[in-house]
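Asker: Just dropping this structure here.
No lab work stands behind these numbers, since they all come straight from the coordinates. As the structure is a prediction and not an experimental result, all values here were calculated from the model. Don't worry about glycine lacking a Cβ; one is built from the backbone with ideal geometry, like all the others, and counts go over all protein chains shown.
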Amino acid sequence: MAQLIARLIAAQSVWAKPFGDRVQGLVHRAFHAIPAIRDLLNGRWLGHPLHAAMTDLPIGILGLAVVLDLLGDNFGAAIAVGLALLGLLGAALAGLADYADTDGTARTTATVHGTIMVLSTVLVAAAFVARDFFSGDAPGALGMTLEVIALGLILAGAFVGGDVVYALGNMVDRHAFRGGGSKWIALEPAELDAGGSIPEGRPVKAKLGINALVLVREGDRVLALHDQCAHAGGPLSGGTLVDGCLECPLHGSRFRVADGRVVRGPSVYDQPVYEVRRTEAGGWEGRRAGQQS
């Protein structure tokens, strides 16, 4: 069953890829023109993707509307349909903010997800308009049919949306399973200046065991973050320094170099921080910040 559904979703790329590429460009420009709104809808303030937190609301509320209609509570069902519509619109805005910085296969699948959810929203709106909820009468065959079809489409859209996250890794924390050792180990900067020091005032890539780090030297202090951006894995060492922050070259997320805090999305996750120090032999070593030897 899983393979059949996966093939069905993949088959939609014929129309979803060109359509998604065009729409995403427009959405990207719109949301990057209003970064504060984008961060609000991404969920940076929450430390968690807002879209994922909102999607369950319309599903549960619309399901409740169907149950209330079956029980004959027309007014309660009408209120539930209206609330489900509001939930769908709110989730759509948050989803568009995430979509603005979605690439590759995830973008194509997200386009399929979004198209299904737009159709669902239109059906819920039609079901709401078709009701005469002040009369206390049952919604009739049309209203109930629209509600049930919309609920089925929403569940299908949720399945596709789950693939965007769980199968394709969109909007997940790239460092969720990254451990931190307690021992100081050899650090290998990609470049050093003539005096054997890390170049100052710009990002420098380095290797710490299996981890790639980005280093920024400020005088005698060397600050270090994991090089892979928590949002989509972009190389921070290829980014730029802006007001004490490293800006990812892929989607523009900014992290404070001093403590790894995300200060601008689309990332909603902080960046792992590392300690760096000189060795007695004149080389460099490092470890994950907060670990004890």
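Asker: Considering the convex hull of the alpha carbon atoms of the chain, report its projected area averaged over all viewing directions, in nm², one decimal. Spell out each step's value before the answer.
Answerer: Working: hull surface 76.4 nm².
If you wrap the Cα atoms of the chain in a convex hull and average its projections, you get 19.1 nm².
Asker: Let me ask something else. In segment 2-167, how does Rg compare with the Kirkwood Rh, expressed as the Rg/Rh ratio over alpha carbon atoms? All intermediate terms of the calculation are to be shown ahead of the outcome.
Answerer: Numbers: Rg = 17.0 Å, Rh = 16.7 Å.
My calculation puts Rg/Rh at 1.02.
Asker: Between MET1 and ARG221, how many nm apart are label points set 7 Å from Cα along the C-beta direction?
Answerer: 5.6
Asker: Label points 7 Å out from Cα along the Cβ direction at ALA281 and LEU192: separation in nm?
Answerer: So the label points at ALA281 and LEU192 sit 1.1 nm apart.
Asker: Of the candidates LEU89, LEU168, LEU192, which one comes out as most mobile in a Gaussian network treatment of the chain with C-alpha springs shorter than 10 Å?
Answerer: Of LEU89, LEU168, LEU192, the Gaussian network model singles out LEU192 as fluctuating most.
Asker: Give the Cα extents of segment 1-98 along the principal axes, in whole Å, largest first.
Answerer: Principal axes ranked by extent give 46, 39, 23 Å for the Cα atoms.
Asker: Which value in deg cm²/dmol, rounded to the nearest 500, describes the helix-derived mean residue ellipticity at 222 nm for the chain, given -39,500 (n - 2.57) per DSSP H run of n ≥ 4 and division by the residue count?
Answerer: Details: 8 runs with 134 residues, N = 293.
After summing the helix terms and dividing by residue count, I get -15500 deg cm²/dmol.
Asker: Please sort through the DSSP H helices of the chain and keep those with an alpha-carbon extent of at least 18 Å along the long axis and a Kyte-Doolittle average not below 0.0.
Answerer: Membrane-span-like by this rule: 56-70, 74-99, 104-130, 140-162.
Asker: Still on this structure, please answer the following. Under 5 Å between amide H atoms, partner at least 5 residues away or on a different chain: which partners does ASP173 have, H built in plane at 1.01 Å?
Answerer: When sequence neighbours closer than 5 places are left aside, there are no close amide H contacts.
Asker: Assign one of three labels to segment 175-293, namely rounded, prolate or oblate, based on the Cα gyration tensor with a ≥ b ≥ c the square roots of its eigenvalues; rounded applies when a/c is under 1.5, prolate when it is not and a/b is larger than b/c, and oblate otherwise. Each step should come with its number before you reach the end.
Answerer: On the way: a/c = 1.96, a/b = 1.33, b/c = 1.48.
It comes out oblate by the Cα gyration axes.
Asker: Among GLY43, THR108, ALA130, whose Cα projects farthest towards the positive end of the dipole of segment 2-167, with charges put on the beta-carbon of Lys, Arg (+1) and Asp, Glu (-1)?
Answerer: Of the candidates, THR108 comes out farthest on the positive side.
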